[in-house]
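Here, each number is a calculation from the coordinates, and none is a lab measurement. None of the values given here were measured: they were computed from a predicted structure. Quick reminder, even Gly has a Cβ in these numbers, built from the backbone with ideal geometry, and neighbours come from all protein chains shown.
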Amino acid sequence: MYKFSKRSLDNLYTCDYRIIAICNKVIKFRDFSVICGHRGQVAQDAAYRLGFTTKKWPDSNHNFEPSKAVDIIPCPFRGWSNLNDFRTLQNFVLGVAFTMEIPLRCGGIWNDFPHLELIE
């Protein structure tokens, strides 16, 4: 069984309880890191300037408290261009969310492969 690093837990615990529940179930079977949960205005503005998001503050699901979105990366991390690793992880997460009856969608639909968000 895998476990989260302190940094991943700190990021995860800024998220909605449903995202926390999904991630806690997934980590039992797949190794991954949580790289972002909630983003404040400074972080959102920086992510926008750097081209990591198309959403300005406060229009991202990361901007809610608690966050309605989470960014995760597979471990071992073999680079941003290894889309198969991201797709495999996201499909597993979506399957777990489905079994938990939590509506979730992945950012892979719009080429943001680390991103997952609640559908509300």
Treat every Asp and Glu Cβ in region 6-118 as -1 and every Lys and Arg Cβ as +1, leave all other atoms uncharged, and give the resulting dipole magnitude about the Cα centre to the nearest 20 debye. 180
For region 6-118, just the Cα atoms, rotate onto the principal axes and tell me the three extents in Å, largest first. 34, 30, 28
Structure shown: which of Lys6/Lys68; Lys25/Lys56; Lys28/Lys68 lie over 28 Å apart, alpha-carbon to alpha-carbon? Lys25/Lys56
FRET E, pair Trp110, Ile35, Förster distance 25 Å, beta-carbon r, rounded to 0.05: 0.90
Relative to a virtual label point 7 Å from the Cα of Phe77 in the Cα→beta-carbon direction, which members of region 1-41 show backbone nitrogen distances below 11 Å? 8, 33-36
Nitroxide proxy distance, nm - points 7 Å out along Cα→Cβ at Lys55 and Glu120: 1.1
Computed, not fitted: 222 nm per-residue ellipticity of the chain from DSSP H runs ≥ 4 (each -39500 (n - 2.57)), nearest 500, equal to -11000 deg cm²/dmol
Segment Asp45-Asn91, extension gain: residue separation times 0.36 nm, minus the distance between their alpha carbons: 13.6 nm
Positive dipole terminus of region 6-118, leading residue within Val42, Cys75, Ile102 (C-beta point charges): Cys75
